Amino acid sequence: MARTGISQFDVEKAYKSLTSQGVNNPSIDAIRAELGNTGSKTTISKYLKDIKKTRTNGTLTEVKVSDAIGHLVSQLAARLNAEANKTIEDMEQAFDKERKSWNQEKSGLEESLSQATEQNKALSDNIHSLQAKLNTASRESEQLNTELQGIQSDLKELTAVCGQKDERIIDLEKSLQHSYDNLSHFRESAKEQRDQQERKHAEEVSGLRAEQRKLGQTIASQQSELTQLNRQNAELITEKRLLAKSQRELQNSLKALTEQVQSASTDREELLAQLDAITKENNELNTSVVQLEHEVEELKSPEKLAKKQEVAKSKS
């Protein structure tokens, strides 16, 4: 409970208490300490000056309070005490009300802080998750680029191999044509020699037959060479089929990689353009392979080959 204001009586009582303890000329701080550290120094100084002035004039007397004054002071103290208690109760009620409001506000703020903390944690987790996905997508994109470069290299090698096979087929065709020319030459030469021998000497028939057998062996040898060339041609056709199969597998891989690249990132337009160029080159290669297969089929047919030779001879 708050203390009421001090009076001159209180100051004089404290002054007497200090002087009785042997303290001469007590200071304002000492009197205030004696009063329980209450009262302003200005008020104590004022009352202290009056007390010292009264003592200097020799008129200071012991304060005697009559019963009536004591009763009045008691009533006044009780009234002040009641008013002070009422003020304290009002202040306590107001404080309780304010404390409840503050506690409610505090609870709301704590709940908001908790929600904000959870949201912040969720956002942090989302950011970490997105960062991890982005890193994974980047690694996958780099891996796809590496695989695509490998496929492009394989496709170049396959194109080079197809070119070499084409050159080999051309060489075989030339060799086959040369064999057919030799065979035709041998047949014409044999016929001419046989006619000459029949017109010249009948007795040379045996020799002519021996020469004919020799020519037959040569023809058989040429026919065997032709058979070998046909066998090699068949092997080349098998190799071309295997190459076509490998090419289809590469096309499927390119298609799958294209879909993966498109799903991994929309910023791979340049890579898609390269894939389009590779696909175009691949289509051109398919056209070349189909044309080559057609030519091989023509080589497999003796009739077509003979017709081709006749056309070549007519042109020559």
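No lab work stands behind these numbers, since they all come straight from the coordinates. Quantities reported herein were computed from a predicted structural model and do not represent experimental measurements. Note: ideal-geometry Cβ built from the backbone for every residue, glycine included; neighbour counts use all protein chains shown.
Here the Kirkwood formula, the inverse mean of 1/r across different C-alpha pairs, assigns segment 145-315 a hydrodynamic radius of 20.0 Å. Between the Cα long axis of helix 41-56 and the first principal axis of the chain there is an angle of about 20°, rounded to the nearest 10. Shape summary: the chain maps onto an equivalent ellipsoid whose semi-axes, from the alpha-carbon gyration tensor, are 139, 19, 12 Å in decreasing order.
In debye, nearest 20, what is the charge dipole magnitude of the chain about its Cα centre with +1 on Lys and Arg Cβ and -1 on Asp and Glu Cβ, if you could check? Spell out each step's value before the answer.
Working: 46 positive and 52 negative charges, 316 e Å.
Dipole of the chain, to the nearest 20 debye: 1520 debye.
Cut-off 10 angstrom, C-alpha nodes, Gaussian network model of the chain. Which of Gln247, Gln232, Gln93 fluctuates the most? Highest fluctuation of the listed residues: Gln93. Working from Cα pairs under 8 Å separated by at least six residues, relative contact order for the chain is 15 percent.
Across Gln222, Gln21, Gln212, mean-square fluctuation computed from a Gaussian network of the chain (C-alpha pairs under 10 Å connected) peaks at Gln21. Among Ile31, Ile88, Ile278, which one moves the most in a GNM of the chain with springs linking Cα atoms closer than 10 Å? Most flexible of the set in this elastic network: Ile31.
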